[in-house]
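For reference, the structure is listed below as structure tokens.
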Amino acid sequence: MTHITASVVQQLAALSAISLDDNEVESMRQELGKIFEYIAQLQELDTSAVEPTYQVGWVGTAMRSDEVAESLGREKLLSLAPSAKDNQIKVPKVL
Amino acid sequence: MITIGHILSRIKSGESSAVQEVEAALERAKAHASYHALLELTPERALERAKLVDEGALTGKLAGVPFVVKDNFLAFGAPTTAASNMLRNFDAPYQATVVEKLEQEGAICIGKSNLDAFAHGGSTENSAFGPTNNAIDTTRVAGGSSGGSAVVTALDIVPFALGSDTGGSIRQPASFNGVYGIKPTYGTASRYGVVAMASSTDTMGCFAHTAEDTALVMGVMAGRDSKDMTSLPDFFDGSIHPMNPMKIGIIKETMDNSVDESVRAVTNTYADTLRAAGHTVEEVSLPIVNHALAMYYIIIPAEVSSNLARYDGVRYGHRSEAAKTLAEVYSLSRAEGFMSENKRRILIGSFVLSQGFFDAYYLQAQKARTLLIQGFEKLFETYDALLTPTAAAPAFKLGENTEDPLKMYMTDVMTVPASLAGLPAISVPAGTNEQGLPIGVQLVGPLQSDNTLLSLAASVEEPRS
């Protein structure tokens, strides 16, 4: 099994902006170890002769004319925010 | 079995009205509430729209036909939750393009079906609101992630239901519940307004009882949408065509001893049925499919980790009440709003995309994907379609795989290859095991051969009452 330490899990959690409790860290450590071992099988494949495929059936960047069109509107979108004030979304202070 | 045709002809003949059809569907939904296939009904909006049909103000190919959306399609009438705590109270400000298209043809959404939260899973057990029971055996899973939509179709609550399929989320539950399920060619129907999972393989499809109904619904859903730049110009004509003899390959790697004997038997019987109808069916080999699941569980978590970055507790969705700083708004809202499986996939994505691992995992998987696509292309030089089981076994027991994520991932092994290659694939109800559990077979074709696959299935479909 690929050895994953608790600190690796915590680092991934930090990169992912997800807070994990100690129990979650431990279960993720075990599960991710097994999953990483499984997906590592691809390293056996010889892919030296091929390019990666990021997108199937890519039809190219679509262009449209630059015309003013209706959109959802500020009020409607602000109503979805957990907290809003003075036509803006409110969050706790950053610093 | 209720088909779209039955409902349309009852309304046309005056035997019933759209309002009566919608009321009846809502009653059936309530009578089957114990399956937990539906998260919310939308009776008010549905009946309003049914009245418009009866008054002649709303017409179209599906006028008065009730349907259900998987609750990751933005749709009015009730919150769009993606079966998650993150979006528990999210009222969609607009509707998904495919929902709009169906409504323009007079179809009437009566409710929203259960799924694995954010469509992450193969059993609908990862729903924040509890699992859905299998339509045939309530001790078993519905399959997933579109489990609720498969079950409402199988229970005849509605004649069709919408699902999304990223790696098998329509086909596998279709197989587990004995209905048709289509994952169309990547780009056939717009992804706009559907909660994103993995953008390079997300497709929008449906469940129905017959190939004809499946084609009719997909025909309405298909087409270019300026709001989804990967959507293709409409190639889907929505009808069934007479078939000339076709050459079909059974992929032998999907028929080995690890596959349940009953599943192999049903698949072989289906091959015989195709032969009896004049088609040629031969065994073919595609060894690279053995690596498809590993590719999938690198590429998809990578895309998931990016797509789910938008759930930050700021603009919409859940915000943690415990958060005191902006950083905590992100990390605690995400901790509380996501299920374990969501977190697991995001962490896998962060791992395979991180410096030092990117080339070995993510880049290697995207290169392996090219090998897979080339393998399919080579087979399609000789064969018109490929046949495999849809799932390696019939529906498993509730709770059977929840403790072992990797084992749960293995249930996607038959369906992920077509997803990675963008190919159309349908699951056809083809038989049962000794206990009566449904078993589906999968037909996979070249890009944009969706109509052909449905016509092929229709050509050997048993007449159903």
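The values are calculated or read from the model by the stated rules, or taken from the named source; none is laboratory data. In this text the structure is predicted, and so the values were computed from the model without any measurement. Methodologically, a virtual Cβ is constructed for each residue, glycine included, from the backbone with ideal geometry; neighbour enumeration extends over all protein chains shown. Each accessible area value is taken on the protein alone, full model and side chains, heavy atoms only, with ligands, DNA and RNA left out. Shrake-Rupley method; radii C 1.70, N 1.55, O 1.52, S 1.80 Å.
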Using θ = phi - 60° and Karplus 6.51 cos²θ - 1.76 cosθ + 1.60, couplings along the range B:412-428 (whole Hz; Gly, Pro as x):
8, 4, 7, 9, 5, x, 5, 5, 5, 8, x, 7, x, 8, 10, 9, 10
What helix-only [θ] at 222 nm does chain B give? Using -39500 (n - 2.57) per DSSP H run of at least 4, over all residues, to the nearest 500, the answer is -11000 deg cm²/dmol
Per residue, how many Å² of accessible area does the range B:329-425 show with a 1.4 Å probe?
32
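With the Cα gyration tensor of the range B:164-218 in hand, convert its eigenvalues to equivalent ellipsoid semi-axes via √(5λ) and list them largest first in whole Å.
Value: 19, 13, 8 Å, ordered largest first.
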Specify the residue with the greatest mean-square fluctuation among A:25, A:68, A:50, computed from a Gaussian network of chain A linking alpha-carbon atoms under 10 Å apart.
A:68
Across 5 Å bins from 0, what is the distribution of all Cα-Cα pair distances for the range B:239-355, in whole percents?
2, 10, 12, 12, 10, 9, 9, 8, 9, 9, 6, 3, 2, 0
Below 8 Å, C-alpha to C-alpha, sequence gap of six or more: please give me the relative contact order for chain B in percent.
17
Please work out the Cα center distance from the range B:358-422 to the range B:224-262, rounded to the nearest Å.
14
Kirkwood Rh, Cα atoms: Rg over Rh of chain B:
0.95
With every protein chain present, what is the per residue accessible area of the range B:166-276 (1.4 Å probe, Å²)?
31
Antiparallel bridge percentage (DSSP; both residues within the protein assembly as shown; nearest 5)
70
Using a simple spin-label model with points 7 Å from Cα along the Cα→Cβ vector, what separation in nm is obtained for residue B:15 and residue B:51?
2.7
Would you calculate the volume per residue, in Å³, of the smallest convex hull containing every Cα atom of chain A?
254
Need one number: % antiparallel among DSSP beta bridges in chain B, to the nearest 5.
65
Buried accessible area between A and B, both sides, 1.4 Å probe, in Å² rounded to 100, is 5000
Whole number please: convex hull volume per residue of the Cα set in the range B:23-65, in Å³?
73
Please work out how much accessible surface residue B:340 shows to a 1.4 Å probe, ignoring ligands, DNA and RNA, in Å² rounded to 10.
60
Count neighbours as other Cβ atoms within 10 Å of each site's Cβ, and list the GluC sites (Glu not before Pro) in the range A:57-87 that are DSSP loop with at most 16 such neighbours.
A:67, A:70
Give the peptides B:199-205, B:430-436, B:179-185, A:60-66 in descending order of average Cβ contacts within 10 Å, highest first.
B:179-185, B:199-205, B:430-436, A:60-66
Order of exposure, largest accessible area first, which applies to B:250, A:89 with probe 1.4 Å
A:89, B:250
Using packing as a proxy for protection, rank B:15-23, A:38-46 so that the peptide with the highest average count of other Cβ atoms within 10 Å comes first.
B:15-23, A:38-46
Based on the Cα gyration tensor of the protein assembly as shown, what are the three equivalent ellipsoid semi-axes, each the root of five times an eigenvalue, rounded to whole Å and given largest first?
34, 31, 22
If r is the Cβ-Cβ distance from residue B:359 to residue A:93 and R0 is 45 Å, what FRET efficiency results, to the nearest 0.05?
0.65
Tally up the carbon and sulfur contribution to the accessible surface of the range B:136-251 as a whole percent, 1.4 Å probe, everything protein left in place.
51
